[in-house]
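Everything on this sheet refers to the single structure shown next.
The values are calculated or read from the model by the stated rules, or taken from the named source; none is laboratory data. Quick caveat: nothing in here was measured; it's all calculated off a predicted structure. Every residue, glycine as well, gets a Cβ built from its backbone with ideal geometry; the counts of neighbours run over all protein chains shown.
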Amino acid sequence: MAVIEIGEETFNIEVEGPDGAPCLLLSNSLGTNLHMWDGQMAALTQRFRVIRYDSRGHGDSVAADGPYSIEQLANDALHILDTLGIEKAHFMGLSMGGMVGMWLLTHNRERIGKAVLCNTGAFMGSPDIWNKRIREARAGRMDGLVPQTIDRWFTCDYQERSPEAVKRIATMVKATPALGYASCCAAIRDMDQREALRSITNPVLVIVGQHDPATPPSMGGLIAASIKGARLIDLDAAHLSNIEAEAAFTRAVVSFLTAPERAASVPAEAPASKAKPASAKPASARKPSVAKTPAKKAPAKKAAKKAAKKTAAKKAAKKFTKKASKKTVAKKSVKAAKKTARPAAKSAAKKTAGKPAKKAAKKAVKKAAKKTPKKAAKKTARKPAKKSRR
(Lines give C-alpha, C1' and ligand atoms only; values in the text may rest on other atoms or scores of the structure.)
Protein backbone atom coordinates (compact mmCIF):
# COMPACT_ATOMS: atom_id res chain seq x y z
CA MET A 1 0.00 0.00 0.00
CA ALA A 2 1.35 3.41 -0.94
CA VAL A 3 0.11 6.95 -1.32
CA ILE A 4 1.44 8.94 -4.28
CA GLU A 5 1.13 12.62 -5.04
CA ILE A 6 -0.20 13.72 -8.42
CA GLY A 7 -0.04 17.48 -8.47
CA GLU A 8 -1.47 18.43 -5.09
CA GLU A 9 -3.77 15.40 -4.92
CA THR A 10 -3.13 12.04 -3.27
CA PHE A 11 -3.95 8.61 -4.64
CA ASN A 12 -3.85 5.32 -2.80
CA ILE A 13 -2.23 2.62 -4.93
CA GLU A 14 -0.84 -0.89 -4.57
CA VAL A 15 1.72 -2.50 -6.90
CA GLU A 16 2.28 -6.27 -6.83
CA GLY A 17 3.79 -8.92 -9.06
CA PRO A 18 7.21 -9.67 -10.55
CA ASP A 19 9.42 -6.89 -11.90
CA GLY A 20 9.66 -7.02 -15.69
CA ALA A 21 6.28 -8.74 -16.09
CA PRO A 22 3.63 -7.09 -18.33
CA CYS A 23 1.80 -4.35 -16.43
CA LEU A 24 -1.93 -4.56 -15.67
CA LEU A 25 -3.93 -1.61 -14.32
CA LEU A 26 -7.16 -2.31 -12.36
CA SER A 27 -9.94 0.27 -11.86
CA ASN A 28 -12.69 -0.28 -9.28
CA SER A 29 -16.45 0.18 -9.42
CA LEU A 30 -18.51 2.97 -7.92
CA GLY A 31 -18.75 2.60 -4.12
CA THR A 32 -15.82 0.19 -3.66
CA ASN A 33 -12.02 0.41 -3.42
CA LEU A 34 -8.97 -1.46 -4.71
CA HIS A 35 -9.74 -4.45 -2.44
CA MET A 36 -12.67 -5.44 -4.63
CA TRP A 37 -10.01 -7.26 -6.73
CA ASP A 38 -8.64 -9.39 -3.86
CA GLY A 39 -10.08 -12.59 -5.31
CA GLN A 40 -8.13 -12.18 -8.58
CA MET A 41 -4.75 -11.12 -7.15
CA ALA A 42 -3.24 -14.56 -6.55
CA ALA A 43 -3.69 -15.55 -10.21
CA LEU A 44 -2.90 -12.16 -11.73
CA THR A 45 0.32 -11.51 -9.80
CA GLN A 46 1.83 -14.77 -11.08
CA ARG A 47 1.84 -13.35 -14.61
CA PHE A 48 1.56 -9.55 -14.34
CA ARG A 49 2.91 -6.51 -12.56
CA VAL A 50 -0.51 -5.44 -11.16
CA ILE A 51 -1.28 -1.82 -10.31
CA ARG A 52 -4.57 -1.22 -8.51
CA TYR A 53 -5.73 2.05 -7.00
CA ASP A 54 -8.62 3.71 -5.20
CA SER A 55 -10.43 5.81 -7.81
CA ARG A 56 -10.89 9.52 -7.14
CA GLY A 57 -13.59 9.98 -4.49
CA HIS A 58 -13.09 6.45 -3.10
CA GLY A 59 -11.07 4.71 -0.40
CA ASP A 60 -8.01 6.67 0.66
CA SER A 61 -7.64 8.68 -2.55
CA VAL A 62 -8.57 12.34 -2.97
CA ALA A 63 -12.30 12.99 -2.53
CA ALA A 64 -12.76 16.68 -3.31
CA ASP A 65 -16.23 17.96 -4.13
CA GLY A 66 -17.15 17.60 -7.80
CA PRO A 67 -18.85 16.99 -10.09
CA TYR A 68 -16.26 14.78 -11.78
CA SER A 69 -16.19 13.56 -15.39
CA ILE A 70 -15.18 10.24 -16.95
CA GLU A 71 -12.40 12.11 -18.73
CA GLN A 72 -11.08 13.36 -15.38
CA LEU A 73 -11.17 9.85 -13.89
CA ALA A 74 -9.37 8.46 -16.96
CA ASN A 75 -6.69 11.14 -16.71
CA ASP A 76 -6.12 10.07 -13.09
CA ALA A 77 -5.30 6.57 -14.39
CA LEU A 78 -2.85 7.99 -16.94
CA HIS A 79 -1.14 10.16 -14.29
CA ILE A 80 -0.69 7.08 -12.09
CA LEU A 81 1.01 5.23 -14.96
CA ASP A 82 3.19 8.28 -15.68
CA THR A 83 4.22 8.63 -12.04
CA LEU A 84 5.23 4.95 -11.94
CA GLY A 85 7.12 5.30 -15.25
CA ILE A 86 4.86 2.86 -17.08
CA GLU A 87 4.49 3.58 -20.79
CA LYS A 88 1.90 0.92 -21.59
CA ALA A 89 -0.29 -1.47 -19.59
CA HIS A 90 -3.19 -3.86 -20.00
CA PHE A 91 -6.39 -2.61 -18.38
CA MET A 92 -9.31 -4.11 -16.46
CA GLY A 93 -12.20 -2.12 -15.03
CA LEU A 94 -15.61 -3.02 -13.66
CA SER A 95 -18.71 -0.79 -13.82
CA MET A 96 -17.37 2.77 -13.39
CA GLY A 97 -13.86 1.32 -13.93
CA GLY A 98 -15.01 -0.08 -17.28
CA MET A 99 -16.27 3.37 -18.29
CA VAL A 100 -12.81 4.74 -17.53
CA GLY A 101 -11.36 1.97 -19.69
CA MET A 102 -13.58 2.88 -22.66
CA TRP A 103 -12.41 6.49 -22.49
CA LEU A 104 -8.76 5.41 -22.41
CA LEU A 105 -9.30 3.10 -25.40
CA THR A 106 -10.83 5.90 -27.49
CA HIS A 107 -8.47 8.72 -26.47
CA ASN A 108 -5.18 7.07 -25.42
CA ARG A 109 -5.22 3.66 -27.07
CA GLU A 110 -1.44 3.66 -27.47
CA ARG A 111 -1.09 3.53 -23.67
CA ILE A 112 -3.29 0.42 -23.39
CA GLY A 113 -2.59 -3.13 -24.52
CA LYS A 114 -5.54 -5.50 -24.08
CA ALA A 115 -8.59 -4.40 -22.12
CA VAL A 116 -11.24 -6.21 -20.08
CA LEU A 117 -14.48 -4.25 -19.66
CA CYS A 118 -16.66 -5.85 -16.99
CA ASN A 119 -20.32 -5.27 -16.08
CA THR A 120 -20.33 -1.79 -17.55
CA GLY A 121 -22.21 0.44 -19.98
CA ALA A 122 -21.41 3.19 -22.47
CA PHE A 123 -24.55 5.12 -21.49
CA MET A 124 -26.50 4.76 -18.24
CA GLY A 125 -29.93 6.07 -19.13
CA SER A 126 -32.11 8.64 -17.41
CA PRO A 127 -30.32 11.21 -15.22
CA ASP A 128 -33.14 11.02 -12.65
CA ILE A 129 -31.72 7.83 -11.10
CA TRP A 130 -28.34 9.44 -10.61
CA ASN A 131 -29.70 12.74 -9.38
CA LYS A 132 -31.60 10.86 -6.66
CA ARG A 133 -28.43 9.08 -5.52
CA ILE A 134 -26.49 12.34 -5.57
CA ARG A 135 -29.08 13.96 -3.27
CA GLU A 136 -29.00 11.01 -0.85
CA ALA A 137 -25.19 10.96 -0.72
CA ARG A 138 -24.90 14.71 -0.21
CA ALA A 139 -27.45 14.46 2.59
CA GLY A 140 -25.06 12.04 4.33
CA ARG A 141 -27.27 9.00 3.89
CA MET A 142 -24.67 6.51 2.59
CA ASP A 143 -26.04 3.87 4.98
CA GLY A 144 -29.41 4.17 3.27
CA LEU A 145 -27.82 3.40 -0.11
CA VAL A 146 -26.30 0.09 1.06
CA PRO A 147 -29.34 -2.29 0.97
CA GLN A 148 -30.46 -1.32 -2.55
CA THR A 149 -26.85 -1.39 -3.76
CA ILE A 150 -26.26 -4.91 -2.42
CA ASP A 151 -29.49 -6.16 -4.05
CA ARG A 152 -28.32 -4.83 -7.41
CA TRP A 153 -24.80 -6.19 -7.05
CA PHE A 154 -25.49 -9.77 -5.86
CA THR A 155 -28.20 -12.33 -6.50
CA CYS A 156 -30.35 -13.39 -3.53
CA ASP A 157 -28.85 -16.87 -3.75
CA TYR A 158 -25.29 -15.52 -3.43
CA GLN A 159 -26.26 -13.26 -0.52
CA GLU A 160 -27.51 -16.32 1.36
CA ARG A 161 -24.59 -18.50 0.31
CA SER A 162 -21.73 -16.03 0.97
CA PRO A 163 -22.81 -13.53 3.66
CA GLU A 164 -19.23 -12.68 4.65
CA ALA A 165 -18.24 -11.66 1.12
CA VAL A 166 -21.40 -9.54 0.84
CA LYS A 167 -20.71 -7.91 4.23
CA ARG A 168 -17.19 -6.96 3.11
CA ILE A 169 -18.58 -5.10 0.08
CA ALA A 170 -21.32 -3.46 2.15
CA THR A 171 -18.61 -2.09 4.43
CA MET A 172 -16.81 -0.59 1.41
CA VAL A 173 -19.97 1.21 0.29
CA LYS A 174 -20.56 2.69 3.76
CA ALA A 175 -16.94 3.86 3.99
CA THR A 176 -16.99 5.65 0.62
CA PRO A 177 -16.74 9.45 1.08
CA ALA A 178 -20.19 10.92 0.42
CA LEU A 179 -18.90 13.82 -1.69
CA GLY A 180 -16.67 11.51 -3.70
CA TYR A 181 -19.56 9.10 -4.34
CA ALA A 182 -21.90 11.93 -5.37
CA SER A 183 -19.27 13.45 -7.67
CA CYS A 184 -18.65 10.10 -9.40
CA CYS A 185 -22.42 9.61 -9.82
CA ALA A 186 -22.41 12.90 -11.75
CA ALA A 187 -19.61 11.60 -14.03
CA ILE A 188 -21.63 8.47 -14.83
CA ARG A 189 -24.84 10.49 -15.33
CA ASP A 190 -23.21 12.81 -17.87
CA MET A 191 -21.37 10.10 -19.83
CA ASP A 192 -22.31 8.90 -23.32
CA GLN A 193 -19.60 6.91 -25.08
CA ARG A 194 -21.79 4.95 -27.51
CA GLU A 195 -20.54 6.71 -30.64
CA ALA A 196 -16.89 6.78 -29.56
CA LEU A 197 -16.84 2.99 -29.00
CA ARG A 198 -16.71 2.32 -32.72
CA SER A 199 -13.20 3.78 -32.95
CA ILE A 200 -11.66 1.26 -30.52
CA THR A 201 -9.10 -1.04 -32.15
CA ASN A 202 -7.44 -2.69 -29.12
CA PRO A 203 -8.22 -6.33 -28.27
CA VAL A 204 -11.18 -6.23 -25.88
CA LEU A 205 -12.98 -8.78 -23.72
CA VAL A 206 -16.44 -7.78 -22.49
CA ILE A 207 -17.85 -9.60 -19.44
CA VAL A 208 -21.51 -9.42 -18.45
CA GLY A 209 -23.54 -10.92 -15.60
CA GLN A 210 -26.62 -12.87 -16.61
CA HIS A 211 -28.53 -11.49 -13.59
CA ASP A 212 -27.13 -7.95 -13.54
CA PRO A 213 -29.87 -5.28 -13.12
CA ALA A 214 -27.36 -2.42 -12.80
CA THR A 215 -25.70 -2.91 -16.20
CA PRO A 216 -27.85 -5.55 -17.98
CA PRO A 217 -26.31 -7.95 -20.53
CA SER A 218 -27.75 -5.82 -23.36
CA MET A 219 -25.38 -3.00 -22.38
CA GLY A 220 -22.38 -5.29 -22.65
CA GLY A 221 -23.79 -6.62 -25.91
CA LEU A 222 -23.85 -3.10 -27.35
CA ILE A 223 -20.23 -2.53 -26.32
CA ALA A 224 -19.05 -5.80 -27.87
CA ALA A 225 -21.03 -5.17 -31.07
CA SER A 226 -19.53 -1.70 -31.43
CA ILE A 227 -15.88 -2.78 -31.08
CA LYS A 228 -14.40 -4.69 -34.00
CA GLY A 229 -13.16 -8.12 -32.88
CA ALA A 230 -14.38 -7.75 -29.28
CA ARG A 231 -15.20 -10.95 -27.38
CA LEU A 232 -18.25 -11.27 -25.16
CA ILE A 233 -18.89 -13.76 -22.36
CA ASP A 234 -21.63 -13.97 -19.76
CA LEU A 235 -21.30 -15.34 -16.25
CA ASP A 236 -23.83 -16.71 -13.78
CA ALA A 237 -23.71 -13.61 -11.57
CA ALA A 238 -25.17 -10.18 -10.94
CA HIS A 239 -23.20 -6.90 -11.05
CA LEU A 240 -19.97 -7.76 -9.21
CA SER A 241 -19.27 -10.85 -11.33
CA ASN A 242 -15.60 -10.93 -10.27
CA ILE A 243 -16.80 -11.76 -6.73
CA GLU A 244 -19.97 -13.81 -7.30
CA ALA A 245 -18.43 -15.90 -10.13
CA GLU A 246 -14.83 -15.52 -8.95
CA ALA A 247 -13.32 -18.72 -10.41
CA ALA A 248 -14.92 -18.45 -13.89
CA PHE A 249 -14.21 -14.72 -14.03
CA THR A 250 -10.52 -15.15 -13.17
CA ARG A 251 -10.04 -18.00 -15.68
CA ALA A 252 -11.60 -15.95 -18.47
CA VAL A 253 -9.48 -12.88 -17.72
CA VAL A 254 -6.16 -14.75 -17.41
CA SER A 255 -6.84 -16.73 -20.59
CA PHE A 256 -7.64 -13.58 -22.57
CA LEU A 257 -4.72 -11.51 -21.29
CA THR A 258 -2.10 -14.26 -21.74
CA ALA A 259 -3.23 -15.54 -25.16
CA PRO A 260 -1.33 -14.45 -28.32
CA GLU A 261 -2.78 -11.13 -29.46
CA ARG A 262 -4.32 -12.46 -32.68
CA ALA A 263 -5.94 -15.39 -30.91
CA ALA A 264 -6.86 -13.84 -27.56
CA SER A 265 -9.56 -16.17 -26.31
CA VAL A 266 -11.70 -17.17 -23.36
CA PRO A 267 -11.96 -20.67 -21.88
CA ALA A 268 -14.71 -23.09 -22.82
CA GLU A 269 -16.20 -22.77 -19.31
CA ALA A 270 -17.22 -19.22 -20.19
CA PRO A 271 -19.72 -19.56 -23.09
CA ALA A 272 -20.33 -16.71 -25.51
CA SER A 273 -23.27 -14.58 -24.52
CA LYS A 274 -26.34 -14.29 -26.72
CA ALA A 275 -27.07 -10.85 -25.31
CA LYS A 276 -28.59 -8.50 -27.86
CA PRO A 277 -27.26 -4.95 -28.25
CA ALA A 278 -29.31 -2.27 -26.47
CA SER A 279 -31.86 -0.57 -28.69
CA ALA A 280 -30.99 2.91 -27.40
CA LYS A 281 -29.22 5.04 -29.96
CA PRO A 282 -28.66 2.24 -32.52
CA ALA A 283 -26.43 4.57 -34.55
CA SER A 284 -23.60 3.57 -32.21
CA ALA A 285 -23.84 -0.05 -33.23
CA ARG A 286 -21.47 -1.19 -35.88
CA LYS A 287 -22.85 -0.92 -39.39
CA PRO A 288 -23.35 -4.36 -40.94
CA SER A 289 -20.78 -5.06 -43.59
CA VAL A 290 -21.98 -6.14 -47.02
CA ALA A 291 -19.83 -8.83 -48.56
CA LYS A 292 -19.13 -8.65 -52.27
CA THR A 293 -20.06 -12.00 -53.70
CA PRO A 294 -19.81 -13.36 -57.22
CA ALA A 295 -23.53 -14.09 -57.13
CA LYS A 296 -24.25 -10.49 -58.11
CA LYS A 297 -22.12 -10.83 -61.26
CA ALA A 298 -23.78 -14.08 -62.38
CA PRO A 299 -26.63 -12.47 -64.41
CA ALA A 300 -24.13 -10.35 -66.36
CA LYS A 301 -22.00 -13.40 -67.18
CA LYS A 302 -25.04 -15.38 -68.36
CA ALA A 303 -26.15 -12.49 -70.54
CA ALA A 304 -22.67 -12.21 -72.04
CA LYS A 305 -22.59 -15.93 -72.81
CA LYS A 306 -26.00 -15.78 -74.51
CA ALA A 307 -24.93 -12.76 -76.57
CA ALA A 308 -21.71 -14.55 -77.59
CA LYS A 309 -23.68 -17.63 -78.64
CA LYS A 310 -26.06 -15.51 -80.74
CA THR A 311 -23.16 -13.71 -82.41
CA ALA A 312 -21.41 -17.00 -83.20
CA ALA A 313 -24.65 -18.43 -84.58
CA LYS A 314 -25.10 -15.40 -86.85
CA LYS A 315 -21.54 -15.72 -88.18
CA ALA A 316 -22.00 -19.44 -88.82
CA ALA A 317 -25.29 -18.76 -90.60
CA LYS A 318 -23.64 -16.15 -92.84
CA LYS A 319 -20.81 -18.56 -93.78
CA PHE A 320 -23.28 -21.33 -94.49
CA THR A 321 -25.40 -18.99 -96.63
CA LYS A 322 -22.36 -17.89 -98.66
CA LYS A 323 -21.26 -21.50 -99.27
CA ALA A 324 -24.77 -22.53 -100.19
CA SER A 325 -25.14 -19.60 -102.57
CA LYS A 326 -21.83 -20.45 -104.28
CA LYS A 327 -22.88 -24.08 -104.78
CA THR A 328 -26.26 -23.02 -106.13
CA VAL A 329 -24.64 -20.54 -108.54
CA ALA A 330 -22.22 -23.21 -109.76
CA LYS A 331 -25.00 -25.73 -110.40
CA LYS A 332 -27.08 -23.18 -112.26
CA SER A 333 -24.03 -22.17 -114.30
CA VAL A 334 -23.34 -25.76 -115.33
CA LYS A 335 -26.97 -26.32 -116.38
CA ALA A 336 -26.99 -23.08 -118.31
CA ALA A 337 -23.74 -24.06 -120.01
CA LYS A 338 -25.12 -27.43 -121.04
CA LYS A 339 -28.26 -25.85 -122.46
CA THR A 340 -26.17 -23.35 -124.45
CA ALA A 341 -23.67 -25.97 -125.60
CA ARG A 342 -26.18 -28.56 -126.95
CA PRO A 343 -27.69 -26.43 -129.77
CA ALA A 344 -24.19 -25.42 -130.88
CA ALA A 345 -23.13 -29.06 -130.96
CA LYS A 346 -26.17 -30.14 -132.96
CA SER A 347 -25.62 -27.49 -135.60
CA ALA A 348 -22.00 -28.53 -135.90
CA ALA A 349 -23.05 -32.19 -136.28
CA LYS A 350 -25.43 -31.42 -139.09
CA LYS A 351 -22.75 -29.63 -141.08
CA THR A 352 -20.33 -32.58 -140.88
CA ALA A 353 -21.26 -36.14 -141.90
CA GLY A 354 -20.15 -39.60 -140.79
CA LYS A 355 -17.84 -40.52 -138.00
CA PRO A 356 -15.50 -37.63 -138.50
CA ALA A 357 -18.54 -35.36 -138.10
CA LYS A 358 -19.49 -36.98 -134.80
CA LYS A 359 -15.99 -36.51 -133.40
CA ALA A 360 -15.97 -32.91 -134.49
CA ALA A 361 -19.34 -32.39 -132.85
CA LYS A 362 -18.07 -33.77 -129.54
CA LYS A 363 -15.07 -31.44 -129.62
CA ALA A 364 -17.30 -28.49 -130.38
CA VAL A 365 -19.53 -29.37 -127.43
CA LYS A 366 -16.55 -29.55 -125.10
CA LYS A 367 -15.18 -26.20 -126.30
CA ALA A 368 -18.55 -24.53 -125.97
CA ALA A 369 -19.05 -26.03 -122.50
CA LYS A 370 -15.69 -24.71 -121.33
CA LYS A 371 -16.23 -21.17 -122.57
CA THR A 372 -19.92 -20.75 -121.91
CA PRO A 373 -20.09 -21.93 -118.24
CA LYS A 374 -17.54 -19.32 -117.24
CA LYS A 375 -19.50 -16.48 -118.85
CA ALA A 376 -22.84 -17.79 -117.63
CA ALA A 377 -21.50 -18.44 -114.17
CA LYS A 378 -20.27 -14.85 -113.88
CA LYS A 379 -23.63 -13.45 -114.97
CA THR A 380 -25.76 -15.70 -112.77
CA ALA A 381 -23.43 -15.55 -109.73
CA ARG A 382 -23.80 -11.78 -109.43
CA LYS A 383 -27.56 -11.78 -108.96
CA PRO A 384 -27.81 -14.49 -106.20
CA ALA A 385 -24.77 -12.97 -104.39
CA LYS A 386 -26.63 -9.69 -104.02
CA LYS A 387 -29.66 -11.51 -102.68
CA SER A 388 -27.61 -13.49 -100.15
CA ARG A 389 -26.05 -10.28 -98.78
CA ARG A 390 -29.50 -9.05 -97.87
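So which residues in segment 109-122 are of a type outside the set (Val, Ile, Thr) and touching a helix residue (DSSP H, G or I) at 6+ places or on another chain (Cβ under 6 Å), if there are any at all?
LYS114, ALA115, LEU117, CYS118, ASN119, GLY121, ALA122
Which one of these is charged (D, E, K, R), touching a helix residue (DSSP H, G or I) at 6+ places or on another chain (Cβ under 8 Å) and in a helix (DSSP H, G or I): LYS167, LYS174?
Going through LYS167, LYS174 in turn, just one is charged (D, E, K, R), touching a helix residue (DSSP H, G or I) at 6+ places or on another chain (Cβ under 8 Å) and in a helix (DSSP H, G or I): LYS174.
Output the residue which, of all residues in segment 194-203 that are of a type outside the set (Lys, Arg) and either crowded, with 20+ Cβ neighbours inside 10 Å or outside the structural domain of SER126 (by TED's automatic domain parsing) (or both), is nearest to MET219 (Cα to Cα).
LEU197
Per-residue answers, yes or no, for (1) assigned by TED's automatic domain parsing to the domain that holds GLN72; (2) among the small types (Gly, Ala, Ser); (3) part of a helix (DSSP H, G or I); (4) under 22 Å from GLN72 (Cα atoms):
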| position | (1), (2), (3), (4) |
| --- | --- |
| ALA186 | yes, yes, yes, yes |
| VAL208 | yes, no, no, no |
| ASP212 | yes, no, no, no |
| ALA225 | yes, yes, yes, no |
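Please determine, by comparing only the residues of segment 117-160 that are assigned to a loop (DSSP other than H, G, I, E, B) and of a type in the set (A, V, I, L, M), which one is farthest from ASP212 (Cα to Cα).
Restricting to residues being assigned to a loop (DSSP other than H, G, I, E, B) and of a type in the set (A, V, I, L, M), the top hit is ALA139.
Which residue pairs have Cβ atoms closer than 9 Å, lie 6 or more positions apart in sequence or on different chains, and pair a first residue in segment 45-56 that is of a type in the set (A, V, I, L, M) with a second residue that is part of a loop (DSSP other than H, G, I, E, B) and modelled with pLDDT of 95 or more?
That search, which allows pairs on different chains as well, returns VAL50/GLY17; VAL50/ALA21; ILE51/GLY17; ILE51/LEU84; ILE51/ILE86.
Wholly within segment 27-116, which helices (runs of 4 or more DSSP H) include no fewer than the required count, namely at least 3 residues that are hydroxyl-bearing (Ser, Thr, Tyr) and surrounded by fewer than 23 Cβ atoms within 10 Å (Cβ to Cβ)?
Because the criterion is at least 3 residues that are hydroxyl-bearing (Ser, Thr, Tyr) and surrounded by fewer than 23 Cβ atoms within 10 Å (Cβ to Cβ), no helices (runs of 4 or more DSSP H) in segment 27-116 meet it.
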